[in-house]
Structure formats: C-alpha cells, structure tokens
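Written out below as structure tokens is the structure these notes cover.
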Amino acid sequence: MTRKIVFLDVDGTLVDYHNRLPESAIKAVQTARANGHLIFACTGRSRAEMQPELWDMGLDGLIGGNGSYVEYHNQVLMHQLISKEDAHAIVDWLHERGLEFYLESNNGLFASEHFREASRPVLQKYMMGKGKTAEE
C-alpha cells in the first residue's frame, strides 16, 4: 500500500459554515488514518481557530494561517511571523484612519476596541442575504 498525505480545507469541507463537524468527516478522516495515510488540515485559520474537535478526530498536522504555520504531530516545523515593529505600524495605520480590525495569531484572536459595534451592521447585512432576519 502506498502511504499518502491528504490535505483538507476546514471551512466548507471539514466543518460546515456554522462551524459544525459532521460525523461523516470524522469517519472519513479516521478511515484514511486507519489505512495508513496522513491527514493535514490546510486552511487560512490560525492555530488558535482550530477547535479541539478537529484535532480529536485524528489530524496529523496543520498548514495554517494561509501557509505561514506548519505543524506535524504537535511539533512546529515552520512559523512565519511579522515583526513587532510591523505589527505596531499596521495597527497605528488602521487607527489613524478610524478603521476597526481583527488580528489573528496562533496565540489567540484579537479585535480592535470598537470592532463589535462597527461590524454589527455589516454582519447583519450579510446574514440577511443568507435569509436571516435583522434580529437573528
């Protein structure tokens, strides 16, 4: 048998757009691993956005942050960071323009001071386009 590496996207593939992990995805990953294959999530998500259920089904590794982070069996193989100076410059640039933002890192997710209030009408419009009401 030839051992293969299977790369799976997360959003819309392993989980649905409500972040639910179907039993069929768990079974498929476990079957592939039982057949000797390696299973990697390959996603734009950061490490912090990978809920425990994804790991619990038997992932061997992660290519995350759109390729800026690679992990195999809990060992970090690559992690590209932006410098602290660049991060400060970006945040300052956004603040100077009155823009709200959301920062992602492998240590967590961080919203700007007024992100929640600023994003509410945008998310509301998006969800109404998906058939939800303004209240939902």
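Can you pull out every residue in the range 110-121 that is open to solvent by 100 Å² or more (accessible area, probe 1.4 Å) and outside any loop (DSSP other than H, G, I, E, B)?
110, 116, 117, 120
Spot the failing condition for residue 82; the list is (1) within 20 Å of the chain's Cα centre (by Cα); (2) farther than 29 Å from residue 18 by Cα; (3) loosely packed, with under 11 Cβ neighbours inside 10 Å, and only one is missed.
All conditions are met except number (3).
Tally up the residues in the range 1-17 that are assigned to a loop (DSSP other than H, G, I, E, B) and either among the charged types (D, E, K, R) or surrounded by fewer than 10 Cβ atoms within 10 Å (Cβ to Cβ) (or both), please.
8
Let me confirm something: among 122, 91, which residue is among the β-branched types (Val, Ile, Thr) and closer than 26 Å to residue 9 by Cα?
122
Considering the range 102-117 alone, what residues qualify as being of a type in the set (Gly, Ala, Ser) and either touching a Phe, Trp or Tyr at 6+ places or on another chain (Cβ under 9 Å) or modelled with pLDDT of 90 or more (or both)?
111, 112
Scanning for something without any contact (Cβ under 8 Å) to a residue 40 or more places away in the chain, among the charged types (D, E, K, R) and closer than 30 Å to residue 112 by Cα, does the range 23-42 turn up at least one residue?
no
I need a count of the residues in the range 91-109 that are open to solvent by less than 80 Å² (accessible area, probe 1.4 Å) and closer than 24 Å to residue 123 by Cα.
Number satisfying all stated conditions: 10.
Taking the range 33-43 only, how many residues are within 20 Å of residue 22 (Cα to Cα) and not aliphatic (A, V, I, L, M)?
Residues meeting the conditions: 4.
List the residue pairs whose Cβ atoms are under 9 Å apart, where the first residue sits in the range 115-130 and is farther than 13 Å from residue 102 by Cβ, the second is at pLDDT 85 or above and among the β-branched types (Val, Ile, Thr), and the two are 6 or more positions apart or on different chains.
none
Being part of a helix (DSSP H, G or I), within 22 Å of residue 17 (Cα to Cα) and open to solvent by 40 Å² or more (accessible area, probe 1.4 Å): is that true of residue 125 here?
Considered against the rule, which asks whether it is part of a helix (DSSP H, G or I), within 22 Å of residue 17 (Cα to Cα) and open to solvent by 40 Å² or more (accessible area, probe 1.4 Å), residue 125 comes out as yes.
Taking the range 51-71 as the search range and keeping residues that are touching a residue at least 40 places away in the same chain (Cβ under 8 Å) and either open to solvent by 10 Å² or more (accessible area, probe 1.4 Å) or in a strand (DSSP E or B) (or both), which one is nearest to residue 3 (Cα to Cα)?
63
The values are calculated or read from the model by the stated rules, or taken from the named source; none is laboratory data. All figures in this text were calculated on a predicted structure; none of them were measured in a lab. Here the Cβ is made from the backbone with ideal geometry for all residues, glycine too, and neighbour counts use every protein chain on show. Only protein heavy atoms, including side chains, enter the accessible area calculation; ligands, DNA and RNA are left aside. Shrake-Rupley method; radii C 1.70, N 1.55, O 1.52, S 1.80 Å.
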